[in-house]
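Colleague: Handing you this structure, nothing more for now.
The values are calculated or read from the model by the stated rules, or taken from the named source; none is laboratory data. Note that the structure is a prediction, hence the values are computed from the model and not measured. Quick reminder, even Gly has a Cβ in these numbers, built from the backbone with ideal geometry, and neighbours come from all protein chains shown.
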Amino acid sequence: MAGKNLGDIAAVNAKYYSSKGKAIYSDFSTFAQGSALATANAIGFVSDFEGTGNEIIVCEYGIGNGNFARVFLGELSSRSPELYARTRYHLFDISEKMISDAKKNLATHTSICEFCIFDAAQELPSMPFDYCRINELLSDLPAEIYMRRNGGIFAPDGKAVPHPPLFAAKFLERIERERQIPFSFVAQEFLSALCGCGKEGFRADIFDYGFYTADDIFSMPVDEWNRLVARTYGTQITVDLNFLQLSSAIAAQGFSALVEQQKGYCERALGMPLAFSDEGGKLDYAPKKENDGIEEDDGFYHLRIEG
């Protein structure tokens with residue numbers, strides 16, 4: 001896919017999500033459909049905000065059918081009823097069908113929830129918040145893909161890029177020729193605006209798949225890497241997220257930006273070793289058994305931002 005014309009990712013994905021609603025889950029699975037990630041979020045949220053005494057504004061962008069929020073709020077209500085009562089939860093999604101499904105899924109939490117249509121590929125966050133949660137949204141936003149070739153920088157379609165962004169040019173100096181690297185400039189702008197909306201002491205937890213270490217990039221042969229860096233599910237286009245780029249940009253704004261493997265984040269919060277699970281077609285983490293063996297990194301990362 002990365003070696004072909006990606007077209008207008010924003011338009012393709014906007015049409016995909018707006019038209020399909022919850023039927024997207026027949027095309028792909030997401031950790032938002034499981035429980036481990038949202039439970040880990042709830043544990044961390046209670047630790048960060050319990051006892052503060054103030055109304056806490058939470059936002060989630062790209063809510064899907066609302067299951068990620070449902071598990072989080074269910075855990076929150078049982079772990080800290082006092083904090084739950086002070087929480088105001090704002091949910092944003094591009095799809096009216098998804099929001100309709102999410103409202104049904106969150107029926108027991110309607111008193112603290114508000115829903116809003118929002119296109120993350122075209123709009124920037126503007127609502128002040130204390131805590132933000134985002135799961136597998138940023139990899140759906142438009143990305144630029146560049147590679148080094150014959151002393152210059154080129155797009156996958158072979159066209160030269162005469163004035164590439166400085167970060168991309170410097171990054172590619174460390175990459176061998178012909179390896180295509182995605183740069184998530186729309187996601188970077190989104191997160192920059194998001195951080196600008198955060199109240200003093202804000203927290204944000206972003207989960208997505210992509211790459212962060214040299215091993216992530218160079219462990220795969222160039223041809224295989226180029227074939228997999230951008231993929232289609234149904235008619236949706238998704239591009240691996242460049243966590244090195246995003247964390248560097250956020251740190252340059254003066255915010256704390258820490259990246260870790262998603263499974264490691266869940267293990268630390270839940271206090272147990274976990275193994276990848278896809279029972280019932282839902283991605284999740286389950287308690288690790290002795291016979292589970294050694295697992296490879298699943299390619300999912302957690303980006304923690306603190307203001």
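Colleague: Restricting segment 229-283 to residues that are among the charged types (D, E, K, R) and within 15 Å of the chain's Cα centre (by Cα), which is nearest to residue 206 (Cα to Cα)? Lay out the reasoning, then the answer.
Modeller: Of the residues in segment 229-283, the ones among the charged types (D, E, K, R) are 231, 240, 260, 263, 267-268, 278-279, 282.
Filter again for within 15 Å of the chain's Cα centre (by Cα), leaving 240, 260, 263.
Details: 240: 14, 260: 11, 263: 13 Å.
Applying the filter and picking the extreme gives 260.
Colleague: Same structure again: I need the full set of residues from segment 43-75 which are in contact with a Ser or Thr (Cβ under 7 Å, 6 or more places away or on another chain), farther than 30 Å from residue 122 by Cβ and assigned to a helix (DSSP H, G or I), in order please.
Modeller: Answer for segment 43-75, where residues must be in contact with a Ser or Thr (Cβ under 7 Å, 6 or more places away or on another chain), farther than 30 Å from residue 122 by Cβ and assigned to a helix (DSSP H, G or I): 46, 75.
So that you can scan it fast, the table gives a plain yes or no per residue for (1) part of a strand (DSSP E or B); (2) more than 19 Å from residue 61 (Cα to Cα):
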residue	(1), (2)
210	yes, no
217	no, yes
226	no, yes
231	yes, yes
257	yes, no
298	no, yes
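Colleague: Something else: What pairs can you find where one residue is in segment 210-234 and free of Cβ contacts under 8 Å to residues at least 12 places away in the same chain, the other is basic (Lys, Arg) and crowded, with 16+ Cβ neighbours inside 10 Å, and their Cβ atoms are less than 9 Å apart, with a gap of 6+ or different chains?
Modeller: Between residues of segment 210-234 that are free of Cβ contacts under 8 Å to residues at least 12 places away in the same chain and residues that are basic (Lys, Arg) and crowded, with 16+ Cβ neighbours inside 10 Å, the close pairs are 218/179.
Colleague: A further question follows. I'm trying to understand the selection: among the residues of segment 199-252, which are crowded, with 20+ Cβ neighbours inside 10 Å and among the polar types (S, T, N, Q)?
Modeller: Across segment 199-252, the qualifying residues are 226, 238, 242, 245, 247.
Colleague: Assuming residue 217 fulfils every condition listed in (1) among the aliphatic types (A, V, I, L, M); (2) over 16 Å from the mean Cα position of the chain (by Cα); (3) under 26 Å from residue 39 (Cβ atoms) apart from one, which condition is it?
Modeller: Going through (1) among the aliphatic types (A, V, I, L, M); (2) over 16 Å from the mean Cα position of the chain (by Cα); (3) under 26 Å from residue 39 (Cβ atoms) one by one, residue 217 breaks only (3).
Colleague: May I ask you to say which residue of 172, 137 is surrounded by 14 or more Cβ atoms within 10 Å (Cβ to Cβ), at pLDDT 95 or above, under 19 Å from residue 62 (Cβ atoms) and not hydroxyl-bearing (Ser, Thr, Tyr)? If you could, list the steps in order and put the result at the bottom.
Modeller: On the way: 172 fails: under 19 Å from residue 62 (Cβ atoms).
Residue meeting the stated conditions: 137.
Colleague: If residue 187 satisfies all but one of (1) touching a residue at least 60 places away in the same chain (Cβ under 8 Å); (2) buried (at least 21 other Cβ atoms within 10 Å of the Cβ), what's the number of the condition it fails?
Modeller: (1)
Colleague: Restricting to segment 67-98, name every residue that is buried (at least 17 other Cβ atoms within 10 Å of the Cβ) and touching a Cys at 6+ places or on another chain (Cβ under 9 Å).
Modeller: Within segment 67-98, 69, 73, 89, 90, 91, 92, 93 meet the criteria.
Colleague: Is one or more of the residues making up segment 238-245 of a type in the set (A, V, I, L, M, F, W, C) and within 23 Å of residue 46 (Cβ to Cβ)?
Modeller: Narrowing segment 238-245 to residues of a type in the set (A, V, I, L, M, F, W, C): 239, 241, 243-244.
Narrowing further to those that are within 23 Å of residue 46 (Cβ to Cβ): none.
Within segment 238-245 (the criterion being of a type in the set (A, V, I, L, M, F, W, C) and within 23 Å of residue 46 (Cβ to Cβ)), the answer is no, since none of the residues qualifies.
Colleague: Does segment 57-78 contain at least one residue that is at pLDDT below 95 and within 30 Å of residue 181 (Cβ to Cβ)?
Modeller: Quick first cut of segment 57-78, residues at pLDDT below 95 only: 64-65.
From what's left, within 30 Å of residue 181 (Cβ to Cβ): 64.
Yes, some residue in segment 57-78 is at pLDDT below 95 and within 30 Å of residue 181 (Cβ to Cβ).
To keep it simple, each residue is scored yes or no on (1) in a loop (DSSP other than H, G, I, E, B); (2) more than 30 Å from residue 93 (Cα to Cα).
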site	(1), (2)
153	no, yes
156	yes, yes
170	no, yes
186	no, no
200	no, no
